[in-house]
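I have placed the structure first, in the form of structure tokens, so that the comments after it can refer back to it.
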Amino acid sequence: MSPSIRHRAAEPSAVFAALGDRTRLALVRRLATEGALSVTALTEGTRISRQAVTKHLDVLARAGLVQSERQGRERLWVLAPGQIAEARRALEQISRQWDQALDRLRTLVER
């Protein structure tokens, strides 16, 4: 399988914006647990149209979270974990900053 959509690294804010939608987050979860899936497979068992799923996948692709691959006559969507790792690093940095701020506040209150 060769990637048919290539994308540049997205800003963490674009990743968080894309994941901020409940439907897109559910699509990412499914791809993370089930692997490569077609739009038809991603639509099955939901109340969402294939067209809506495709639009959500396009948003995720622009954020660098998923990419499509051609397999025969089907286009399969797969998770692109690099952007998720980048988002995780951003969250870890924010967490460290909050911990430091809370430590400074605790020190100030205890004085």
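Values quoted throughout were computed directly from the atomic coordinates according to the rules given, and no laboratory measurement underlies them. Model, not experiment: these values are computed from the prediction. Note that we place each Cβ from the backbone using ideal geometry, even for glycine, and neighbour counts take in every protein chain shown.
Points worth noting:
- Note, ³J(HN,Hα) from phi for region 26-37, Karplus 6.51, -1.76, 1.60, rounded to Hz, x at Gly and Pro: 5, 5, 5, 4, 4, 5, 5, 8, 9, x, 4, 9
- Region 32-106 versus region 14-31: alpha-carbon centroid distance in Å: 5 Å
- Extending 7 Å from the Cα toward the beta-carbon at both ARG47 and ALA32 defines two label points whose distance is 2.5 nm.
- Region 1-108: GluC sites (Glu not before Pro) in DSSP coil with no more than 13 other Cβ atoms inside 10 Å: GLU44
- Dipole of region 8-110 [Lys/Arg +1, Asp/Glu -1 at C-beta], most positive-end residue of THR43, ALA80, ALA18: THR43
- Within the listed set ARG96, ARG62, ARG30, the residue fluctuating most in the Gaussian network model of the chain (springs between alpha-carbon atoms under 10 angstrom) is ARG96.
- Label corresponding to log10 I(q)/I(0) by the Debye sum over Cα atoms at q = 0.12, 0.14, 0.16, 0.23 Å⁻¹ when calculated from the structure given, among (1) -0.48, -0.60, -0.72, -1.25; (2) -0.35, -0.48, -0.64, -1.49; (3) -0.41, -0.56, -0.73, -1.39: (1)
- CD proxy at 222 nm, helix term only [per DSSP H run n ≥ 4: -39500 (n - 2.57); per residue of the chain; nearest 500]: -20000 deg cm²/dmol
- Residues SER95, SER38, SER68 in ascending order of nearby Cβ atoms (within 10 Å, fewest first): SER95, SER38, SER68.
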